[in-house]
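Trainee: Before we start, here is the structure in question, set down as structure tokens.
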Amino acid sequence: MTKTVPAPKTPLPLQLTQWILNPLGYLNTNFKRYGDIFNARVLWGESDGLIIVSDPKALQYILTHDVGAGKELSAPGDANRILASLLGEHNLLMLNGNQHRTRRQLVMPPFHGERLGVYGRLIQEITLGVISQWPTNGPIDVRCSMQTITMRVILQAVFGLHEGERYQQLERLLGQRLDITGSPITSAIVFLPWLQKDLGDWSPGGKFRLMTEQTDRLLLAEISERRAQADPERVDILSLLLAAKDEEGNGLTDQELRDELMMFLLVGHETTATALTWAMYWVHSFPEVKQRLMAELETVSDPADPFQFLQLPYLNAVCNETLRIYPVAMLTFPRRVEVPIELCGYQLEPGMLLMGAMYLVHQREELYPQPREFRPERFLERQFSPYEFIPFGAGARRCVGAALAQYELKIVLATILTRLDLNLVNKRPVKPGRRGVTLGQTSPVLVEKLRSRSVSKPLVKV
């Protein structure tokens, strides 16, 4: 007898409301009730729902059977259309099959190898510039500062902009655009298409349209100028993408470049700022964690070399535990069933959408004892498979910027801690909450400067 994947009985509108306002509550409740697989009714217009899977072995199957001849699953870009209003329709996330593979081959090289060396030094320089402006007295909003750092990394390392009016306008507009979905309530515009309708400048859709038009004018003007003044010495990602060609000698169009830049903005700015905010919160919440991390940082012979930070095992463990306990991305990108298959004892039919619940994987007791405790040591005590620790997804849709994000997380955190002694101002615990399609904080993380630390050498001139 074929078993049907269990599903909550709550009507779709109520499920969607809970998913928007309290995503972790929704996931935890249904995991306790149904286990490793359940059918979530949280997609507007999707009558078949969305199959949520959290068993690592099932996830491995899902994320490795969507390529090659006779594949049982696909990784459809059109299933990501919820992001089209934010990112456009011509970037890596929205493409299918061969188009996706070809585009991925074009955009991957700038995020690996020698290029990361250039970006690492830039990340440290930007960090020092931002924290040099922190007041000696009074609270510092950590998320605001981390957003400034990660936005400037995107503008300089990805967009290739360093100063001038266009730089300042984009910094302001791109920040405002992302802040539209900065709370659980305002995130509803992403999940409810009718809220995106342009009913005039006063409406959410109208405001979003105006902001998009202003941003696009600036981005397309920059792309046009860079095409006309190609410089082979430039190493920013936009310059590298302008020069990139596929096997048939075709490059990216202006619109494709614009949409890829917007994708990099979301996955490289918003997500990294959130992870850095959590890391600062956790380190300063637990004196024993901070003490052990500071002892390790003091072993670095030259703090002006950001790549020495990358070799530190406890710093790596702190960053991994930050990404584990509240992963910024809660779910993997969707896979679609192409032929009848059995998964976790249930029969799945063609057309069904599957998503791995990265958050639920990271909360499994058998993998992570006391999973709600922040304990970096767990990453020193054992190795986890790519399907047990999965903050950047896996398979054909794994985040292309994962290596850069990990660089940035370690370098920014280590640079701040080696320069400043800080105290956490928050008296109440900071809780996770939705921020657009990602998981952020429900209240600000505030720190204050106690003193500046002396270092043997100046790090970077700012």
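Trainee: For a quick check: with amide H placed at 1.01 Å from N, whose amide H comes under 5 Å from GLY440's, ignoring anything fewer than 5 positions away on the same chain?
Mentor: GLY433, ARG434, ARG435
Trainee: On full extension of the chain, what length is gained from LEU21 through ARG172, given 0.36 nm per residue of separation minus the C-alpha to C-alpha distance?
Mentor: Fully extending the segment from LEU21 to ARG172 adds 51.7 nm.
Trainee: Can you spot the lysines whose alpha carbon is less than 19 Å from LYS71's alpha carbon? Ignore those fewer than 8 places along the same chain.
Mentor: Hits, sequence-local ones excluded: LYS57.
Trainee: Then there is this: Would you mind working out the accessible area per residue for the chain, using a 1.4 Å probe, and quoting it in Å²?
Mentor: Heavy-atom SASA per residue in the chain reads 44 Å².
Trainee: Hey, another quick one. How long is the gain from SER454 to HIS112 if the chain were fully straight, where each residue apart is worth 0.36 nm and the alpha carbon distance is subtracted?
Mentor: Full extension of this stretch gives 119.8 nm more.
Trainee: Of all the accessible heavy-atom surface of the chain, with the other protein chains kept in place and a 1.4 Å probe, what percent is carbon and sulfur?
Mentor: About 52 percent, which is the carbon plus sulfur part of the accessible surface.
Trainee: Follow-up. Would you pull out the residues with amide H under 5 Å of LEU422's amide H, same chain only if 5 or more places away, H placed 1.01 Å from N?
Mentor: Those lying under 5 Å, H to H, from LEU422 are LEU450.
Trainee: Starting at the first residue of region 430-442, write each ³J(HN,Hα) from the Karplus equation 6.51 cos²θ - 1.76 cosθ + 1.60 with θ = phi - 60°, in whole Hz, x for Gly and Pro.
Mentor: 8, 10, x, x, 5, 9, x, 8, 10, 10, x, 10, 8
Trainee: For the peptides 83-93, 293-303, 132-142, what is the packing order when you average, over each peptide's residues, the other Cβ atoms within 10 Å and list the highest mean first?
Mentor: 83-93, 293-303, 132-142
Trainee: Shifting gears a bit: Which ³J(HN,Hα) values, rounded to whole Hz and listed in residue order, are derived for region 102-110 from phi using the Karplus coefficients 6.51, -1.76 and 1.60 in 6.51 cos²θ - 1.76 cosθ + 1.60 with θ = phi - 60°, glycine and proline given as x?
Mentor: My calculation for region 102-110 gives 5, 5, 4, 5, 6, 8, 6, x, x Hz in order.
Trainee: Which value at 222 nm does the chain reach when only helices count, each DSSP H run of 4 or more adding -39,500 (n - 2.57), with the total divided by all residues and rounded to the nearest 500 deg cm²/dmol?
Mentor: Roughly -13500 deg cm²/dmol at 222 nm, from the helical runs in the chain.
Trainee: What are the ³J(HN,Hα) values, in whole Hz, obtained from phi via the Karplus relation 6.51 cos²θ - 1.76 cosθ + 1.60 with θ = phi - 60°, for each residue of region 91-96 in sequence order, with x given for Gly and Pro?
Mentor: Along region 91-96, the couplings run 10, 3, 5, 9, 8, 10 Hz.
Trainee: Here's another thing I want to ask about it. Of all beta bridges DSSP finds with both residues in the chain, what is the antiparallel percent, to the nearest 5?
Mentor: Roughly 90 percent of the beta bridges in the chain run antiparallel, per DSSP.
Trainee: Among 415-426, 230-241, 252-263, how do they line up by average Cβ neighbours within 10 Å per residue, starting with the highest?
Mentor: Packing order, densest peptide first, comes out as 252-263, 415-426, 230-241.
Trainee: Hey, another quick one. When the dipole is taken about the Cα centre of the chain, and only Lys, Arg (+1) and Asp, Glu (-1) are charged at their Cβ, what size is it in debye, to the nearest 20?
Mentor: My answer is approximately 1180 debye.
Trainee: Next question. Taking +1 at the Cβ of each Lys and Arg and -1 at the Cβ of each Asp and Glu, which of MET151, THR136, THR186 sits farthest along the dipole of region 105-232 towards its positive end, judged by Cα position relative to the Cα centre?
Mentor: It is THR186.
Trainee: Ok, one more. Hey, with R₀ at 60 Å, roughly what FRET efficiency would SER183 and ASP231 work out to, going by the Cβ-Cβ distance, to 0.05?
Mentor: 0.90
Trainee: To the nearest 0.05, what FRET efficiency results for THR102 and LEU310 with a Förster distance of 30 Å applied to their C-beta separation?
Mentor: Efficiency for this residue pair is about 0.45.
Trainee: At 0.36 nm per residue, and after removing the present C-alpha to C-alpha distance, how many nm does the segment from ASP141 to VAL339 gain when stretched out fully?
Mentor: Result: 66.3 nm gained on full extension.
Trainee: Additional query: What GluC sites (Glu not before Pro) in region 96-193 are in a loop by DSSP, with at most 12 other Cβ atoms within 10 Å of the Cβ?
Mentor: When the GluC sites (Glu not before Pro) of region 96-193 are filtered for loop state and at most 12 Cβ neighbours within 10 Å, GLU114, GLU163 remain.
The values are calculated or read from the model by the stated rules, or taken from the named source; none is laboratory data. Only a predicted model underlies this, so the values are computations on that prediction, with no experimental measurement involved. When we count neighbours, we look across all protein chains shown, and the Cβ atoms used for this are built from the backbone with ideal geometry, even at glycine. Just so you know, the surface numbers come from the protein's heavy atoms only, side chains and all, with ligands and any DNA or RNA stripped out. Shrake-Rupley method; radii C 1.70, N 1.55, O 1.52, S 1.80 Å.
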